[in-house]
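Chemist: My structure is below; once you've seen it, I'll send some questions.
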């Protein structure tokens, strides 16, 4: 499997909180360390809604992949910033609908890589790339071993752009542009990220003071990632409101998402 790294254990720093493991903690998982739980609790203290945000984001992943593999007919997925595995991973949902679906996961947390090695055993056509989203060229080169870039690909960016500062090179808009430039017409972009409010800004300040970081954006900035694409109904909306289950009665949260097709 691509992404194997001999210094994996050296990189696994249990004392440094990591967004993937904090997220896992909020989702009720056990793949996290004391440092991650400490930051997670501090953020929950000032922004209790963050647990609902985490769960709503995970639920959206399932709805988006079912739409893409079903209605949109997508058979290839590039899942950037995949995080730690839990129930209903991208490849499980996609391959249940289309067994020939191909999925490449990308993350830079070594604990995610440990789990990916076990998770992908016996899966369909699924691979994992150990890389940072700020290096699209390396990711695209590695993903091309599994994905056919002449055919449509769903570029999944759930919770990952918030880990990129506007001052980074490349910045979030350029990262999105590079991935979209590499995929053909008929491909889709999926974005899900928290938006800036007084409550979320306080949560980020708390996380930063404890060694974790996140970069909030406005709803308008999230909309801008879809410029030039055909946004799928219902548009860029609070995540729980994107194509909810028929019997659901969702409430808006300070996290927005969208799915759009490249022309």
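Chemist: If packing is taken as the average count of other Cβ atoms within 10 Å, what order do 73-80, 170-177 fall into, highest mean first?
Modeler: Ranked by mean Cβ neighbours within 10 Å, highest first: 73-80, 170-177.
Chemist: Could you grab the relative contact order for the range 8-96? Cα pairs under 8 Å, six or more apart, rounded to a whole percent.
Modeler: Once normalised by length, the contact order is 27 percent.
Chemist: Ok, one more. By how many nm would the segment from residue 167 to residue 216 lengthen if fully extended, with 0.36 nm per residue of separation less the alpha-carbon distance?
Modeler: Gain on stretching residue 167 to residue 216: 16.3 nm.
Chemist: Something else about it: Principal axis lengths of the range 95-223 from Cα atoms, whole Å, largest first?
Modeler: Each principal axis gives a Cα extent; for the range 95-223 these are 45, 34, 28 Å.
Chemist: Hey, rough spin-label estimate for residue 196 and residue 249, points 7 angstrom out along Cα→Cβ, what's it come to in nanometres?
Modeler: Going by the 7 Å Cα→Cβ label model, 3.5 nm.
Chemist: Counting C-alpha atoms alone, how compact is the range 131-175: give Rg to one decimal and Dmax as a whole number, in angstrom.
Modeler: Gyration radius and largest Cα-Cα distance of the range 131-175: 11.6, 33 Å.
Chemist: Express in % the proportion of alpha carbon pairs of the chain at distances exceeding 35 Å. Spell out each step's value before the answer.
Modeler: Working: 3047 of 34453 pairs.
The calculated P(r) of the chain puts 9 percent of pairs beyond 35 Å.
Chemist: Using Cα-Cα distances under 8 Å and only pairs 6 or more residues apart, what relative contact order does the chain have, in percent?
Modeler: Result for the chain is 19 percent.
Chemist: Hey, could you grab the Kirkwood Rh for the range 103-158? Inverse mean 1/r over distinct alpha carbon pairs, Å, one decimal. Don't skip to the answer; put the middle values down first.
Modeler: Numbers: mean 1/r = 0.0836 Å⁻¹.
With all distinct Cα pairs of the range 103-158 included, I get 12.0 Å.
Chemist: With equal scatterers on the alpha carbons only and no solvent term, can you work out the Debye log10 of I(q)/I(0) for the range 19-148 at 0.19 1/Å?
Modeler: -1.11
Rule-based calculations on the coordinates, nothing more; no lab input. None of these values were measured; they are calculated from a predicted model. Using ideal geometry, Cβ is built from the backbone for each residue, glycine included, and neighbour counts are taken over all protein chains shown.
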